[in-house]
Structures are given as structure tokens and as C-alpha cells.
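So the structure is just underneath, and the comments pick up after that.
The values are calculated or read from the model by the stated rules, or taken from the named source; none is laboratory data. Because the structure is predicted, anything quoted here is derived from the model rather than measured. Neighbour counts are summed over all protein chains in view; Cβ atoms, including those assigned to glycine, are modelled from backbone coordinates with ideal geometry. These area figures cover heavy atoms from the full protein model, side chains too; ligands, DNA and RNA do not enter into them. Shrake-Rupley method; radii C 1.70, N 1.55, O 1.52, S 1.80 Å.
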Amino acid sequence: MSRCLIVVGLQWGDEGKGKVVDLLGAEADVVARYQGGANAGHTVVVSGRKVILHQIPSGILSPGVRCVIGPAVVLDPETLFDEVSELAAAGHEVTPARLAISRAANLVLPYHKALDRLRESAAGPGRIGTTGRGIGPAYEDMVGRRGVRASDLCDADRLRARLAVVLPERNALIRHLGGEALALDDLVDHLLPLGQSLAPFLADTGEVLDSALARGQRVLFESAQGTLLDVLHGTYPFVTSSLTTAMAAFPLSGIGCPSKVGVIGVMKAYTTRVGSGPFPTEDTGDFGRHLRTRGAEFGATTGRPRRCGALDLPALKYAVRVNGATQLAVMKLDVLGGLDRIPICTAYRVGGKTIEVVHPDRFFDPGLTPVFEEVPGWSEDLRGIRDVASLPDSARAYLQMVEEGLGIPVTLVSLGSDRAETVFRRDPWR
Ligand code: IMP
């Protein structure tokens, strides 16, 4: 039995990780976020009520589960407390006993958000299509050693001294891009009350995780975004600025690799992406419109319509390999209902050769073309189904094609947004 399970996205994010973490996190002792920031939008539906979590791990919705925000998450203290208030209104009290935040987490500050937006406007057609949440500029500051960290926020002198060092250069950049510089005093006055609210939550989160694992507790790591958005392994430069893959969980959280680890790769039954960048199986016709309408494919963070298209098995094979995924969660299978035929990309052709596992960098190759196969669809509504055997034959064949193509078992199938609309084929913790 795995004491440590990593939930990772195998596509361009929005795979449905929030639902998987909500379901599996209920059986965990600790749920930890290890990268990204408020660019994530994990949608969970509990008793018909929709909750969108941007920074706080979805495990917060399960009473008794301890949640962790690790040092490699870029933390936006302004929106963190909006999320705390929304959760309280939905009956989920967020106390320091429930949520530990790393002292070393770098902060997303107002000037990061300003820079993100100014850069995107200046980039014109070359824009990345970021979420505008300041993620890239905050990570640049982290590795550039210009970051302001969570612990700095809780001490007035330390905060002022740190900002006095880093703000002038950031302001010069803001002015260069046509924006308005921020005043040091205003920034300090604005941030200090947030520091007071944040202080009780700060901890050495590596120690929290390490001691939970040492006591034999179950720890679930929740990644954000997806493999194809990883800054190293994705469709660079149209990526986010963090390491999104599974095994990054340990170094980014400040712990060693536990002896037994399960990796559940979460994938939609089709493909979506928000923002710019290559998407070879994108469908701008009827199939894509079916997916967007029936799957309500609009961004949880920005509300932008998502680009939609066919399942991409060669890219998924790459993602399974990069993450060392051991099992699959197939989400939104119900959205494919009502189609006569469903296209699936099974290979790519380039330079007279067929490739079955595609590195995302090849998506920029002008000669690359996807090879599609069409499989039979189904007309039945799957939402009420609770076991795989009751699925229509063609839906079962679709799952089998995924399983055989990717070489690992599908342990969970999601047939709707509610917790109850899920079929487990095996306990993912086993
Ligand atoms: P950033 O992370 O805001 O810098 O955005 C970089 C790219 O990642 C853009 O294409 C965003 O649309 C995409 N992105 C960031 N976070 C998410 C997410 O949670 N789901 C899907 N796409 C995301």
C-alpha cells in the first residue's frame, strides 16, 4: 500500500485534479500543494455547491485532513485570505491546525501582477496567454534571489528592508513597460496586515510532511497545471514557470523520496488548453464545439473559453513516462456522449516517419501531422452509472484503448462533476 500518492496532470492543466484530490484526499492524513500558485483553479462540487480553490489544497474540504502549502508554491497573500473567507462561508473553517504554509514560500506581490499584465500586453501576438496572476515574475524573482518570502512579511523591519532592496529595480521595469511605479511606504502599509494574518499559519512544512510519513500517515501531493505546461518538459515557451511533474514533489517540498510512491496521472477523455501555444489535435469545428459546450470548458481562474480537441495518445505516453505514472484517472468521459464517431490521435507523422511517443518540442516542427483514428461513440447519458460493467460497449472500448495505449491501469473514471459521479475500479491508494 502506498503511503504517498501524487496526483499529477498529464495534459495542459484543467484535467480535473481538484475532484481527484477531493476524493482521494478524504482518505489522506495530509494533502500538500508543491508548486504553482493562484494560477490554478481547482473546481470541486460538494453537495451541489461549487467551490473553486486557487491556492489552498482541495483536501481542506475533508474534515480532519491537514493541508500544506510548500516552499515552491508562489503565495499570493492578498487572494489567500479571500479564499479563506469563501471557505468559511461554505462551512469550512481554515485554521492553523488545518493549514500549514511554508515560511520559505516566495510571495506574489502587486508588482508581480502588474509586470505579468504589462509584459503580456507588450508581447502582442507573441503573448503566452498567462492567467495574469503574477506567477512568471514571482518565480523569476525566486531564482533571481530577489524574492520576498512568507517569513519576511511577518516582520515590519525585515519587510521594509527587503522591499527597499528589490522594489527600485522592479519599478524601473514597470516604468519601462509603461506602468506606474509602486511606492515603498504604500506597499509596506498594504502588506503588513496580511503578514499578521499569515503569521500563525507559517511552519517548516518539510518537517510536517516528513513526520507524517515517519508516523505511517498517508500523504497526498497535489500538483497544479499539467505536464505539458512544465517549464522544462512542456511546450516551452508556452508553459507556466514551475516544475509541474510528479517527482518534483519531493525536492520542491523539502523531503527525500519515500520508499513507496504511487503516481496517479489525471487526464480528460479529450484534450483542452487555455492560452497560446501549439495544440496539434485542436478542433475548431463541430467536435470542438461539442466538447466546449457539453464539458463547460471555460477557465476556472480566468473564465476564458478553453481550446478543445481530440485525445492525444502520443503526448499522453510522453507524460506517463516523464511522471512515472502508475495509474490513470480518466475524467469527463460523459462529455463524449452523443457523438457518432470520436477521433483519437494515435501517432504523429514527421519526415516520412511515424512516431508514437511525442516530445512536446516537436509540436513546433512544421512538418508534424497528427494521425487520427475514429472510434464508435455512444448516445447514452453516463452520469448515473456507478460501475464500469454498466458502461456502453463503446465507452468501455474507449477506456480500453487508453489503458492499452498508455500501458497502465485506469483506476478511476469520472462521469460528472459531483463526487458521487465517479467509478472506482480499484482503490488508488493500493
Ligand atoms: P501562468 O502560469 O499564469 O504564467 O500562465 C502560463 C500558461 O499556463 C498559460 O497558457 C496559462 O493559460 C496556463 N495555465 C496556468 N495555470 C493553469 C491552470 O491551472 N490550468 C490550465 N492552464 C493554466
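Pulled fully out, how much extra length does the chain show between R158 and H176, if you take 0.36 nm times their separation in residues and subtract their Cα-Cα distance?
Extra length from R158 to H176 when fully extended: 3.7 nm.
Roughly what % of Cα-Cα distances in segment 121-181 sit above 20 Å, to the whole percent?
For segment 121-181, the share of Cα pairs beyond 20 Å comes to 37 percent.
Which percentage, to the nearest 5, of the DSSP beta bridges contained in the chain is antiparallel?
40
Please report how far the C-alpha centroid of segment 24-53 lies from that of segment 396-430, rounded to the nearest whole angstrom.
19
For the chain, modelled as a Gaussian network with Cα springs under 10 Å, which listed residue fluctuates most, S253, S121, S102?
S121
Leaving out ligands, DNA and RNA but keeping every protein chain, what accessible area does C154 have, in Å² rounded to the nearest 10, with a 1.4 Å probe?
Probe radius 1.4 Å; accessible area of C154 about 60 Å².
Gain in length, D286 to E27, computed as 0.36 nm per residue apart minus the alpha-carbon separation, to one decimal in nm?
89.2 nm is the gain from fully extending D286 to E27.
Please identify, among A248, A89, A420, the residue showing maximal mean-square fluctuation in a Gaussian network model of the chain using a 10 angstrom Cα cutoff.
Looking only at A248, A89, A420, the biggest GNM fluctuation is shown by A89.
Taking Rh as the Kirkwood radius, which is the inverse of the mean 1/r over Cα pairs, what is the Rg/Rh value for segment 76-227?
Computed over Cα atoms, the ratio is 1.01.
On a C-alpha basis, how far is the centre of segment 59-77 from the centre of segment 201-244 in Å? Whole number, if you could?
Between the Cα centres of segment 59-77 and segment 201-244 lies a distance of 11 Å.
In nm, what is the difference between 0.36 nm times the number of residues separating D387 and H359 and their Cα-Cα distance?
6.6 nm
What trypsin sites (Lys or Arg not before Pro) in segment 165-265 are in a loop by DSSP, with at most 14 other Cβ atoms within 10 Å of the Cβ?
Taking segment 165-265 and a limit of 14 other Cβ atoms within 10 Å, the loop trypsin sites (Lys or Arg not before Pro) found are R215, K260.
Straight distance only, please: which lysines reach the Cα of K353 with their own Cα at less than 20 Å, same-chain residues fewer than 8 apart left out?
Within reach: K317.
Per the helix-only calculation at 222 nm, which mean residue ellipticity applies to the chain, given -39500 (n - 2.57) for every DSSP H run of n ≥ 4 and division by its residues, nearest 500 deg cm²/dmol?
-9500 deg cm²/dmol
Just need the relative contact order of segment 145-216 here, percent rounded to a whole number, with Cα pairs under 8 Å and 6+ apart.
The normalised contact order for segment 145-216 reaches 37 percent.
Kindly work out what percent of the DSSP beta bridges joining two residues of segment 1-131 are antiparallel, to the nearest 5.
Beta bridges within segment 1-131, antiparallel portion: roughly 40 percent.
When the distances between all Cα atoms of the chain are binned every 20 Å from zero, what whole-number percent does each bin get?
Final binned percentages: 27, 57, 16, 0.
With a cut-off of at most 16 other beta carbons within 10 Å, and DSSP calling the residue loop, which GluC sites (Glu not before Pro) in segment 356-430 qualify? Please list them.
E356, E380
When the chain is treated as a GNM, springs tying every alpha-carbon pair under 10 Å, which of G299, G405, G352 comes out with the largest mean-square fluctuation?
It is G352.
What percent do you get for the relative contact order of the chain when only Cα pairs under 8 Å and 6+ apart count?
Relative contact order, the chain: 20 percent.
If you line up the long axis of helix 393-406 against the longest principal axis of the chain, both from Cα atoms, how many degrees apart are they, to the nearest 10?
Taking Cα atoms only, the helix is inclined about 60 degrees.
Among V335, V357, what's the order by accessible area (1.4 angstrom probe), most exposed first?
V357, V335
Counting pairs of alpha carbon atoms under 8 Å apart in space and at least six apart in sequence, what relative contact order in percent does segment 287-430 give?
Taking the mean separation of contacting Cα pairs over the length of segment 287-430, I get 25 percent.
Run through all the Cα pairs of segment 192-291 and give the fraction in each 10 Å bin from 0, expressed as whole percent.
With 10 Å bins starting at 0, P(r) equals 12, 31, 27, 21, 9, 1.
Exceeding 19 Å between C-alpha atoms, which entries from my cross-link table qualify? They are K17/K260; K50/K332; K19/K50; K17/K113; K113/K268; K19/K260.
Result: K17/K260; K17/K113; K113/K268; K19/K260 exceed 19 Å.
Ignoring ligands, DNA and RNA, what percent of the accessible area of the chain is carbon or sulfur (1.4 Å)?
Answer for the chain: carbon and sulfur cover 51 percent of the accessible area.
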